[in-house]
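**Q** Below is a structure I'd like to ask you about.
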Amino acid sequence: MLNDAKSKIKNFCSYQERCHKEVKDKLIKFNLSKNEIENIIVYLIENNYLNESRFAKVFAGGKFRVKNWGRLKIIRELKYRKISDYNIKLGLEEISQNDYVKVFNKISLKKIDALKDLSTIEKKKKLLNFLTYKGWEKEMIYEKLNSF
């Protein structure tokens, strides 16, 4: 059972980057003892199947590029996955300030365009809610709201 679990979890980690929490949750489903779970996690780390710094970088970069998440949502999601502050900082370094502002402006303008039939107050409210949900900083949002 132990070798079977180790083989499955190696494939699980090889398929895409994983955090320790995801791996531990998956191993718990295999009904292994705490000691066996810890031994497998140590094995995965030693053999570079599991690396939280690498996970944080891939997660932050991917969620920013693909889902257009702001830093606040990325930080919240990484903390939920029990990623250390150090690794969160490393992950956020994957996002250049220039790209960050470009994406913010692009998604803001796209949302404003989609709301063109609404009154100015309704537009501002919906834009505020949308950008807040996506995890963008309040200062950036208010600056954008005050620009129209």
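**Q** Collect the residues in region 13-38 that are hydrophobic (A, V, I, L, M, F, W, C) and either touching a residue at least 24 places away in the same chain (Cβ under 8 Å) or open to solvent by less than 50 Å² (accessible area, probe 1.4 Å) (or both), keeping them in residue-number order.
**A** Of all residues in region 13-38, those hydrophobic (A, V, I, L, M, F, W, C) come to 13, 19, 23, 27-28, 30, 32, 37.
Those that are hydrophobic (A, V, I, L, M, F, W, C) and either touching a residue at least 24 places away in the same chain (Cβ under 8 Å) or open to solvent by less than 50 Å² (accessible area, probe 1.4 Å) (or both): C13, C19, V23, L27, F30, L32, I37.
**Q** If the requirement is being open to solvent by 100 Å² or more (accessible area, probe 1.4 Å) and touching a residue at least 24 places away in the same chain (Cβ under 8 Å), which of these qualifies: K82, K89?
**A** Going through K82, K89 in turn, the sole match is K82.
**Q** I need a count of the residues in region 1-12 that are surrounded by 13 or more Cβ atoms within 10 Å (Cβ to Cβ) and not in a helix (DSSP H, G or I).
**A** 0
**Q** Now, a different point. Can you give me the number of residues within region 92-129 that are assigned to a loop (DSSP other than H, G, I, E, B), over 23 Å from S53 (Cβ atoms) and open to solvent by 70 Å² or more (accessible area, probe 1.4 Å)?
**A** So the count comes out to 2.
**Q** Checking N48 against (1) open to solvent by less than 80 Å² (accessible area, probe 1.4 Å); (2) more than 30 Å from K138 (Cα to Cα); (3) in a loop (DSSP other than H, G, I, E, B): exactly one of these is not met. Which one?
**A** So N48 meets the others, but not (1).
**Q** For E139, all conditions in the list (1) among the charged types (D, E, K, R); (2) part of a helix (DSSP H, G or I); (3) farther than 13 Å from G70 by Cα hold save one; what is the number of the exception?
**A** All conditions pass for E139, except number (3).
**Q** Which of the numbered conditions does I41 fail, given that it passes all the others? Conditions: (1) in contact (Cβ under 8 Å) with a residue 12 or more places away in the chain; (2) closer than 17 Å to W136 by Cβ; (3) over 14 Å from the mean Cα position of the chain (by Cα).
**A** In the conditions (1) in contact (Cβ under 8 Å) with a residue 12 or more places away in the chain; (2) closer than 17 Å to W136 by Cβ; (3) over 14 Å from the mean Cα position of the chain (by Cα), I41 misses (2) alone.
The values are calculated or read from the model by the stated rules, or taken from the named source; none is laboratory data. This is a predicted model, so every value here is computed, not measured. Counting neighbours? That spans all protein chains shown, and the Cβs are built from the backbone with ideal geometry, glycine included. Remember, those area values only see protein heavy atoms, side chains included, never the ligands or the DNA or RNA. Shrake-Rupley method; radii C 1.70, N 1.55, O 1.52, S 1.80 Å.
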